[in-house]
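Asks: Pasting a structure here, questions to come.
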């Protein structure tokens, strides 16, 4: 009963601090939305295009627009496009100048400008643009043979070309994609952000424990007929409830707002509960080891973000260098994310994630017992 | 002036004793930058190493021409080329990652081309390497376009009753009427290590400077403010001292981070004068924004909480955590409202070369943020904290 009272006080204190509404409720959502829209849709090269709105140049621009593997974005002038290529907002740029049509009409070589940064995918993407330009060049050639107006001639030539027996190029893609084909835009990000924020909120919330000690609340509790064991359990429950509120909020909101697939409910609940215990243990440890809540706050942010990064919550483990993948396995984050990915990507069930759950349970027991031991020493020492 | 320096000196000593400023200003940003650049170690964007496979099951003169094109592209260093015996072998090479994609020339390809009938080249690809598939497809398509172009010339000539043989010869030998001409672009973006160090530095800068401005509220709560006001010290000197503390903490933490990251991590910050201007601009904006939050708060805790919200919110919108281009959508628009974005953009401009003048727009924007918010803060503080 007392344990519950102490625990609920921890939760109440979290909600008393208005800024926590931002950190616990707004921030995770913002990060999920931003990462989802930046990375979720998969990488598709974008080509910037400066082209005349009519005439032969516009015909070529239309062809470029039709390339399926690119997104083509129009720019008003060369400077703007150059700027965008240099800042890597687009991977490459194509410029059809206003002299393009005049050059073609006078029979001179008409050049199409191609802009790429030397160190990007740009030089290779040139092949794609080149294929379109080659095709177009032959249509101009045919229009010249036929004589007559150039724009009409090119349009006609491309129609005639379409009626010829084609030499098709067929793309056949086979193999297992790294991240699964039917993954939603937010599916991968959501479980990563879940573990990041559960851990981070737990750690930064441990400042409250330090304040309790600074104000002498913990020692006064000890002077009442309350055992150290009760206080430790109560504080742990407080940390756990804070972490759990954070976790359940993210699961609920992403489920409702983005339709994120969390996989088998029993499995997901088990990961969240065990990872919540790990995060509570880490928070207890941090709250016991530090005396200055500002320092603990700084360290909390560093550990919260740093361990999440190492554990694959910011960048998927699969794309890390080999050595760092080994390091990642030492964080609880990696095991929780691994569990979620088994549930979601491979439609796994509770029994499939038992290894991940086992490791998380070990982390939880380890953190909680060390934290409980340290907290008891701090609580009962004589000053 | 002397009083201002005394107050500032006292505050700085306090901050050094209490190690929080050291932690937030140096240890945390540096550690996180190291971790971030470690986990992204091999994701550095660079010239993509491409390698393609080819299967020639046709062995005709036409397929020989395509092989020639591929070999010449390999000689130019555009990609590596592997020859595979059959499509299954090529697919195996793709699956194990040796090649990104493969072009398969089917048996009978040459015959179909010579007789003017339809035929098909196949490109084998992998779902994780769409760029390779796209490029291999384009190479095959360019080759196909050349054959189709000659056919088109023949059909057109036949239609108008011109000499078909001459049209074909012309189409095969004449230079193309349209061609691509390269325009070199500079590289105005930061390498990953520098990006993360700079991003973390400017992100935590906003926390570091708050120690100075927020201490006004601490002086008020502890009753030392009214004593300072009673002393022969101008109000300007008191506010000035707090601003000086924030500036000093901000400048020192940025300076040390720049130095340490250059030596230990090989970060490339760019033109020193340009970097110095950006750092000053960044610190001014951080002090101004944190001061205005402090000015509208009632307690140091309230100020600290709101400052953390503002600093994290601006950092998130400013894109310091994501080394990805923000494009030109809503996110990019929101990012322009944060000093973080201007600071990073200024550094990226320096990375593209072009001397110190390229940072001027960013520095002006940063100073603008700082002076507007700082002015508002000074005005408000005189009417509340010092009333």
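The values are calculated or read from the model by the stated rules, or taken from the named source; none is laboratory data. Quick caveat, the model's predicted, so the values are computed rather than measured. Neighbour counts are summed over all protein chains in view; Cβ atoms, including those assigned to glycine, are modelled from backbone coordinates with ideal geometry.
Asks: I'm trying to understand the selection: among the residues of the range B:357-384, which are closer than 9 Å to residue B:295 by Cβ and buried (at least 20 other Cβ atoms within 10 Å of the Cβ)?
Replies: Across the range B:357-384, the qualifying residues are B:377, B:381.
Asks: Filter the range B:25-49 for residues that are part of a loop (DSSP other than H, G, I, E, B) and at pLDDT 55 or above and give the result. Reasoning before the result, please.
Replies: Kept after step one, since they are part of a loop (DSSP other than H, G, I, E, B), are these residues of the range B:25-49: B:40-49.
Scanning the range B:25-49 gives B:40, B:41, B:48, B:49.
Asks: Another one. Failed condition for residue B:189, given (1) modelled with pLDDT of 90 or more; (2) within 30 Å of residue B:31 (Cβ to Cβ), with all others met?
Replies: Just one mismatch for residue B:189, condition (1).
Asks: I've got another one for you. How many residues are within 10 Å of chain B (Cβ to nearest Cβ) and either under 17 Å from residue A:31 (Cβ atoms) or in contact with a helix residue (DSSP H, G or I) (Cβ under 8 Å, 6 or more places away or on another chain) (or both) if we restrict to the range A:319-348? It would help to see each step written out before you state the result.
Replies: Within the range A:319-348, the first condition is being within 10 Å of chain B (Cβ to nearest Cβ), and the residues that meet it are A:319-325, A:327-328.
Going one step further and asking which of them are either under 17 Å from residue A:31 (Cβ atoms) or in contact with a helix residue (DSSP H, G or I) (Cβ under 8 Å, 6 or more places away or on another chain) (or both), we end up with A:320-321, A:324-325, A:327-328.
Final tally of qualifying residues: 6.
Asks: Still on this structure: Of everything in the range B:296-311, what is under 26 Å from the mean Cα position of the chain (by Cα) and free of Cβ contacts under 8 Å to residues at least 60 places away in the same chain? Give them in sequence order.
Replies: B:309
Asks: Considering only the range A:172-213, state which residues are surrounded by fewer than 18 Cβ atoms within 10 Å (Cβ to Cβ), in contact with a helix residue (DSSP H, G or I) (Cβ under 8 Å, 6 or more places away or on another chain) and modelled with pLDDT of 80 or more.
Replies: The first filter runs over the range A:172-213 and keeps only residues surrounded by fewer than 18 Cβ atoms within 10 Å (Cβ to Cβ), leaving A:172-185, A:211.
From what is left, the residues that are in contact with a helix residue (DSSP H, G or I) (Cβ under 8 Å, 6 or more places away or on another chain) are A:173-175, A:178-180, A:183-185, A:211.
Those that are surrounded by fewer than 18 Cβ atoms within 10 Å (Cβ to Cβ), in contact with a helix residue (DSSP H, G or I) (Cβ under 8 Å, 6 or more places away or on another chain) and modelled with pLDDT of 80 or more: A:173, A:211.
Asks: Still on this structure: Within the range B:92-109, can you find the residues that are touching a helix residue (DSSP H, G or I) at 6+ places or on another chain (Cβ under 6 Å) and assigned to a loop (DSSP other than H, G, I, E, B)?
Replies: B:99, B:100
Asks: Here is a follow-up. Hey, among the residues in the range B:110-119 that are in contact (Cβ under 8 Å) with a residue 12 or more places away in the chain and part of a helix (DSSP H, G or I), which one's nearest to the other protein chains (Cβ to nearest Cβ)? Spell out how you get there, then give the answer.
Replies: Keep residues of the range B:110-119 that are in contact (Cβ under 8 Å) with a residue 12 or more places away in the chain, which gives B:110-111, B:113-114, B:116, B:119.
Still in the running and part of a helix (DSSP H, G or I): B:110-111, B:113-114.
On the way: B:110: 11, B:111: 13, B:113: 7, B:114: 12 Å.
The selected residue is B:113.
Asks: Residue pairs, Cβ under 9 Å, 6 or more apart or interchain, first in the range B:1-27 and more than 17 Å from residue A:294 (Cα to Cα), second surrounded by fewer than 14 Cβ atoms within 10 Å (Cβ to Cβ). List them.
Replies: Close Cβ pairs satisfying both conditions: B:3/B:231; B:3/B:232; B:3/B:234; B:4/B:234; B:4/B:236.
Asks: Filter the range A:260-281 for residues that are more than 24 Å from the chain's Cα centre (by Cα) and buried (at least 19 other Cβ atoms within 10 Å of the Cβ) and give the result.
Replies: Applying the first criterion (more than 24 Å from the chain's Cα centre (by Cα)) to the range A:260-281 yields A:266, A:277, A:280-281.
Within the range A:260-281, A:277, A:280, A:281 qualify.
Asks: Determine whether the range B:221-234 contains at least one residue that is outside any loop (DSSP other than H, G, I, E, B) and within 14 Å of chain A (Cβ to nearest Cβ).
Replies: At the first step, the residues of the range B:221-234 found to be outside any loop (DSSP other than H, G, I, E, B) are B:221, B:224-230.
Still in the list and also within 14 Å of chain A (Cβ to nearest Cβ): none.
Within the range B:221-234, not a single residue is outside any loop (DSSP other than H, G, I, E, B) and within 14 Å of chain A (Cβ to nearest Cβ).
Asks: Can you tell me which condition residue B:166 does not meet? The list is (1) under 30 Å from residue B:151 (Cα atoms); (2) touching a strand residue (DSSP E or B) at 6+ places or on another chain (Cβ under 9 Å), and all the others hold.
Replies: (2)
Asks: Collect the residues in the range B:120-132 that are within 7 Å of chain A (Cβ to nearest Cβ) and touching a strand residue (DSSP E or B) at 6+ places or on another chain (Cβ under 8 Å), keeping them in residue-number order.
Replies: Selection gives B:120, B:121, B:122, B:123, B:124, B:125, B:126, B:127.
Asks: So, one more: Just one of the numbered conditions (1) in contact (Cβ under 8 Å) with a residue 12 or more places away in the chain; (2) surrounded by fewer than 17 Cβ atoms within 10 Å (Cβ to Cβ) is not true of residue A:62; which one?
Replies: (1)
Asks: A further question follows. Restricting to the range B:94-107, and then to whatever is surrounded by fewer than 19 Cβ atoms within 10 Å (Cβ to Cβ) and at pLDDT 90 or above, can you tell me which residue is nearest to residue B:146 (Cα to Cα)? Talk me through it step by step, then tell me what you get.
Replies: Here is the first cut: in the range B:94-107, the residues surrounded by fewer than 19 Cβ atoms within 10 Å (Cβ to Cβ) are B:95-98, B:106-107.
Right, trim to at pLDDT 90 or above and you get B:106-107.
Numbers: B:106: 18, B:107: 20 Å.
Out of the qualifying residues, it is B:106.
Asks: Among the residues of the range A:291-313, write down those that are farther than 19 Å from residue A:375 by Cα and more than 7 Å from chain B (Cβ to nearest Cβ).
Replies: Answer for the range A:291-313, where residues must be farther than 19 Å from residue A:375 by Cα and more than 7 Å from chain B (Cβ to nearest Cβ): A:303, A:304, A:307, A:308, A:311, A:312, A:313.
Asks: A further question follows. Being in a strand (DSSP E or B) and more than 9 Å from chain B (Cβ to nearest Cβ) is the filter; apply it to the range A:49-91 and report the residue that is modelled with the lowest pLDDT.
Replies: Step one: list which residues in the range A:49-91 are in a strand (DSSP E or B), which gives A:49-50, A:71-74.
Now narrow it down to the ones that are more than 9 Å from chain B (Cβ to nearest Cβ): A:49-50, A:71-72, A:74.
Numbers: A:49: 92, A:50: 92, A:71: 83, A:72: 87, A:74: 90.
The selected residue is A:71.
Asks: Of the residues B:296, B:322, B:343, only one is at pLDDT 85 or above and surrounded by fewer than 22 Cβ atoms within 10 Å (Cβ to Cβ); which? Reasoning before the result, please.
Replies: Details: B:322 fails: at pLDDT 85 or above; B:343 fails: surrounded by fewer than 22 Cβ atoms within 10 Å (Cβ to Cβ).
Residue meeting the stated conditions: B:296.
Asks: What's the number of the condition residue B:106 fails, among (1) facing chain A (nearest Cβ under 7 Å); (2) out of contact with any strand residue (DSSP E or B) (no Cβ under 6 Å at 6 or more places or on another chain)?
Replies: (1)
Asks: Go through the residues of the range B:183-206 one by one and say whether even a single one is within 9 Å of chain A (Cβ to nearest Cβ), touching a helix residue (DSSP H, G or I) at 6+ places or on another chain (Cβ under 8 Å) and farther than 30 Å from residue B:36 by Cβ.
Replies: Yes, some residue in the range B:183-206 is within 9 Å of chain A (Cβ to nearest Cβ), touching a helix residue (DSSP H, G or I) at 6+ places or on another chain (Cβ under 8 Å) and farther than 30 Å from residue B:36 by Cβ.
Asks: When the range B:108-119 is examined, which residues are found to be surrounded by fewer than 16 Cβ atoms within 10 Å (Cβ to Cβ) and within 47 Å of the chain's Cα centre (by Cα)? Before the answer, list the steps.
Replies: The initial filter retains those residues of the range B:108-119 that are surrounded by fewer than 16 Cβ atoms within 10 Å (Cβ to Cβ), namely B:108, B:111, B:114-118.
The answer is B:118, and nothing else.
Asks: Residues B:358, B:293: which one is within 12 Å of chain A (Cβ to nearest Cβ), closer than 21 Å to residue B:235 by Cβ and in a helix (DSSP H, G or I)? Don't jump to the end; show me each part of the working.
Replies: On the way: B:358 fails: closer than 21 Å to residue B:235 by Cβ.
Exactly one of B:358, B:293 is within 12 Å of chain A (Cβ to nearest Cβ), closer than 21 Å to residue B:235 by Cβ and in a helix (DSSP H, G or I), namely B:293.
Asks: Select from the range A:99-136 the residues that are facing chain B (nearest Cβ under 7 Å), at pLDDT 80 or above and part of a helix (DSSP H, G or I) and list them in ascending order.
Replies: Correct list: A:104, A:126, A:127, A:128, A:129, A:130, A:131, A:133, A:134, A:135, A:136.
Asks: Check the range B:219-239 and report whether any residue there is surrounded by 15 or more Cβ atoms within 10 Å (Cβ to Cβ), at pLDDT 90 or above and within 21 Å of residue B:14 (Cβ to Cβ).
Replies: no
Asks: Also: Given the conditions (1) at pLDDT below 90; (2) surrounded by fewer than 19 Cβ atoms within 10 Å (Cβ to Cβ), report the number of the one that residue B:308 does not fulfil.
Replies: (2)
Asks: Another question, then. Being assigned to a helix (DSSP H, G or I), more than 7 Å from every other protein chain (Cβ to nearest Cβ) and more than 19 Å from residue B:70 (Cβ to Cβ) is the filter here; which residues of the range B:133-168 pass it? Working first, answer last.
Replies: Keep residues of the range B:133-168 that are assigned to a helix (DSSP H, G or I), which gives B:133-160, B:164-168.
Now restrict to residues that are more than 7 Å from every other protein chain (Cβ to nearest Cβ): B:136, B:143, B:150, B:154, B:158-159, B:164-166, B:168.
If the condition is that a residue be assigned to a helix (DSSP H, G or I), more than 7 Å from every other protein chain (Cβ to nearest Cβ) and more than 19 Å from residue B:70 (Cβ to Cβ), then B:150, B:154, B:158, B:159, B:164, B:165, B:166, B:168 are the ones that fit.
Asks: Taking into account only those residues within the range B:254-274 that are in contact (Cβ under 8 Å) with a residue 40 or more places away in the chain and surrounded by fewer than 13 Cβ atoms within 10 Å (Cβ to Cβ), which is nearest to the chain's Cα centre (by Cα)? Steps first, please.
Replies: Residues of the range B:254-274 in contact (Cβ under 8 Å) with a residue 40 or more places away in the chain: B:254, B:256-258, B:260-261, B:265-271, B:273-274.
This time we only want the ones that are surrounded by fewer than 13 Cβ atoms within 10 Å (Cβ to Cβ), so: B:266, B:273.
Details: B:266: 17, B:273: 21 Å.
Filtering first and then ranking leaves B:266.
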